[in-house]
Amino acid sequence: MREPFDPELPVSRLPGVGPRREAGLSRLGVRTLRDALFLFPRRYEDRRRLTPLEELQEGRPALFRGRVGELSSQRSQGKHRVRGLLSDPTGCLRLLWFHRPGVAAQLPPGTEAVFWGRPARFGDALVCVNPEFWTGSVPQGEEWGRIVPVYPGTEGLPPRWLRSFLLSQVERCAPQIPEELPESLIRRRGLLPLKEAVRQLHAPDDEVRWREARRRLAYQELLELQVPFALRRRAAASLPPPVLRCEKGVSERFWADLPFDPTPGQREALRALEADLGGRHPMNRLLQGDVGSGKTLVALGALHLVLRGGAQGAYLAPTEILARQVWEVARRLPALAPFPVDLVLGGRSLREREEQAEALERPEPRLVVGTHALLEDSVRFSRLGLAVIDEQHRFGVAQRAALAAKGRSPHLLVMTATPIPRTLSLALFGDLSSLALRDLPPGRSPVVTRVLGQKDLRRVLAFLRQELARGGRAFWVCPLVEESEGTGLPGAMQRREALARALPESCPEVVHGRLDGAAKAAALERFRSGESRLLVGTTVLEVGIDVPEATVMVVEHGERFGLSQLHQLRGRVGRGSSRGVCLLLSGTEEEDSLRRLRILERIGDGFRIAEADCALRGGGEMGGVRQHGDSGFKVADLRVDAALLEQARQDAQDWVDAEPALDSCPLFRKRLEERYPDVFRLLAGA
Ligand code: ADP
Ligand code: MG
């Protein structure tokens, strides 16, 4: 008998999932059966057709079959190698495995096997290095003979296990997935049923079906965001934002209290915000400005207006480090001195939470700076006037919408250092008008950027030694927290140790995502104070950190990062009076990837970098689904889904107009209600 489908079933209850697998799955965000069915492949490998050996081409991955001739195993200098010769009636191919001593036993001479790999040319011969293979025991249609999904990898989950686990769950459960969209929209837009779309995304029959499946799921994702926007617009029409009692000229007084003059852009931006904040409609503004252009102060200036006007303000930052830093700045601003400024981070005790909740319930002006913890349902504002979202690209789609739904239609200010195309801003925020800071504070010069190789490590150290001797401070970014077996990628923890030996005078500290908040804050504090002069870390260093004395940014394996991300990283240095230097160490010699990195040597403007990056990456191939750039969508890709977005927007508006309680599709309503409780509370109040 088939068990009834329970989407909330914890994965630990599924066959084959013990504690170790459960932990691995949870690192991929998979906790329930539904999560598993919606964990989509990163890419696909077309292993449908067998290629005769004579048709193999250099550099092109292929599936091929043959008989193993001689096979020899050797060890030299601690390296294990297995060499073999494969033949079929059309030709032959050399095989080579490194570090796989077991292969020799699995493929005794004379064995017939199927292989998947990418042949390379060594001299005259084609050689395939470390191919995957299957002998008789793995039948066609499982690992080969089909389009094979490739899932995101993580520790504790062998790729083949993950694939077989997910595909078996899909096969078992997909037919029972209930429809989550109203029938009328499915018909109107000609969409695949959800169960079919999920199945095709994991195990596509062909590219055409895959495209339809992707379209269906992207549409749903876009609609799930557009409906709350439409609901919010509806609520805002009957519940205007709090009226602010603003005296004229408050923003000028805000600047007057600072030790420096605002840039013309800052002054103009705050004036525009002041005008919006006095209005009867909720403001929806995007403040774009390159790294270091001084967005934080503009936001604090706007919050100051709101507090003065008698309402509350929220500042949402993506990391604890950044939240603390903004909180410190806010607490010290003379203009904010009359108002309480709180810091809200995760992991607070129940008591703290209760106290905070109580404070926010009092209808008095108050500023709260915090991380995602601000989005918890327990954080409720009695009079939220303005919500600021800093570094918007670090937040998921749902989180951004959740903050906007707090309080009675608050004004919203979203900040970004990377430009957002119109389609993206529509998708992420509904209607949003943008403001830009085009100038940097005076005295800044562009960060001198050089692309070097990992092999230049020694030169880099010599340069750092010099900089440190001159009193400079440096950041050092690694792609991973911990060195992981076999990838050859440096981990921040090991790198700190190595640097402590090479540059003991720098007293290096390390920060990464696995440290708790207090440890991170302490390390940063020692760096800020100058006790330590080298801060090693992962991309947690990317956003917001502001230490004016820092002059050098080293990034290892620069090719592993997005250009805009690298631009953000280098924006951490050269903020004070001395020039900044950014050294990007490339882990590869590939021309394409070097060319990409070198864009940063030439271009200093974040907006143009984002354009160049986008042009290089292109879009639209059958590339699986991944977190697309800045959007935070799982399936939708706004570079190709602009038309779909427009449809979702229209459909959301029509649906909400006709049926504000979304009665015709209880499942859709339930999912939204869980995700955005505040939107529905707003509606109930309206
Ligand atoms: P971002 O736009 O990247 O968020 P920040 O707001 O962190 O930039 O500002 C970067 C640094 O510039 C901070 O140290 C801030 O105090 C300083 N700053 C901001 N505005 C000015 C100004 N008008 N003149 C001088 N320094 C400024
Ligand atoms: Mg900032």
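The values are calculated or read from the model by the stated rules, or taken from the named source; none is laboratory data. All figures in this text were calculated on a predicted structure; none of them were measured in a lab. Here the Cβ is made from the backbone with ideal geometry for all residues, glycine too, and neighbour counts use every protein chain on show. Accessible surface is based on the protein model in full, side chains and every heavy atom, while ligands, DNA and RNA are left aside. Shrake-Rupley method; radii C 1.70, N 1.55, O 1.52, S 1.80 Å.
Accessible surface comparison of LYS520, LYS634, probe 1.4 Å, protein chains only, largest first: the order is LYS634, LYS520.
Taking one quarter of the surface of the C-alpha convex hull of region 448-617 gives a mean projected area of 9.6 nm².
Remark on VAL511: its backbone amide H falls under 5 Å from those of VAL536, GLY537, THR538, a criterion applied only to residues 5 or more positions apart or on other chains, H modelled at 1.01 Å from N. Relative intensity of region 49-145 on a log10 scale, I(q)/I(0) at q = 0.11, 0.14 Å⁻¹, equals -0.29, -0.48, per a Debye sum over C-alpha point scatterers of equal strength in the absence of solvent. Per residue, the solvent-accessible area of region 509-600 (1.4 Å probe, heavy atoms of protein chains only, all protein chains present) comes to 34 Å². In region 49-145, the portion of solvent-accessible area held by carbon and sulfur atoms comes to 47 percent [1.4 Å probe, whole percent, DNA, RNA and ligands not counted]. One way to sum up the overall shape of region 151-296 is the equivalent ellipsoid from its Cα gyration tensor, whose semi-axes run 49, 24, 13 Å, largest first. The alpha carbon centroids of region 168-207 and region 57-85 are separated by 41 Å.
As a length-normalised measure over Cα pairs under 8 Å and 6 or more apart, the relative contact order of region 250-437 settles at 32 percent. As a length-normalised measure over Cα pairs under 8 Å and 6 or more apart, the relative contact order of the chain settles at 13 percent. Remark: the Cα gyration tensor places the chain in the oblate category, a/c being 1.5 or greater and a/b not exceeding b/c.
Working note: Karplus 6.51/-1.76/1.60 with θ = phi - 60° gives region 430-441 the couplings x, 7, 8, 10, 10, 10, 10, 9, 9, 10, 9, x Hz, where Gly and Pro are set to x. Here the sum of -39500 (n - 2.57) over DSSP H runs of 4 or more residues, divided by the residues of the chain, equals -11500 deg cm²/dmol at 222 nm, to the nearest 500. What a 1.4 Å probe finds exposed on region 380-537 is 51% carbon and sulfur by accessible area, rounded to a whole percent. Which shape class, rounded, prolate or oblate, goes with region 243-286 when its Cα gyration tensor gives a ≥ b ≥ c as root eigenvalues, a/c under 1.5 marks rounded, and past that a/b bigger than b/c marks prolate? It is oblate, given that a/c is not under 1.5 and a/b is not larger than b/c. Electrostatic bookkeeping for GLU8 treats Lys and Arg as +1 and Asp and Glu as -1; over the other residues with beta carbon under 10 Å from its beta carbon, the sum is 0. On region 541-591, 42 percent of the accessible area sits on carbon and sulfur atoms, based on a 1.4 Å probe. Under 5 Å from the amide H of GLU45 lie the amide H atoms of VAL148, VAL150, each residue being 5 or more positions distant or on a separate chain, with H modelled from the backbone and absent for Pro and chain starts. A DSSP coil position with no more than 14 other Cβ atoms inside 10 Å describes the following GluC sites (Glu not before Pro) in region 6-97: GLU8, GLU58. The alpha carbon gyration tensor of region 250-437 gives principal lengths a ≥ b ≥ c with a/c below 1.5, which makes the shape rounded.
When DSSP beta bridges are restricted to pairs lying wholly in the chain, around 40% turn out antiparallel. Taking only the Cα atoms of region 461-533, the radius of gyration and Dmax are 12.7, 38 Å. Simple spin-label estimate for SER184 and TRP161 gives 4.8 nm between the two label positions (7 Å along the Cα-to-Cβ direction from each Cα). The largest accessible area among ASP516, ASP6 belongs to the first residue in ASP516, ASP6, and the rest follow in falling order (1.4 Å probe, all chains).
Rolling a 1.4 angstrom probe over the protein heavy atoms with all chains in place gives region 319-384 an accessible area of 48 Å² per residue. Sorting CYS128, CYS246 by accessible area puts them as CYS246, CYS128; the probe is 1.4 Å, largest comes first, and only protein heavy atoms count. A straight line joining the Cα centroids of region 636-686 and region 440-475 runs 49 Å. Length, then width, then depth: along the principal axes, the Cα atoms of region 568-617 run 35, 24, 15 Å. Based on the reciprocal of the average 1/r between different C-alpha atoms, the Kirkwood radius for region 128-169 equals 11.7 Å. Converting phi to 3J(HN,Hα) with the Karplus coefficients 6.51, -1.76 and 1.60 and the offset θ = phi - 60°, region 247-263 yields 7, 5, x, 4, 5, 4, 5, 4, 5, 4, 7, 8, x, 10, 7, x, 6 Hz in sequence order, with x at every glycine or proline.
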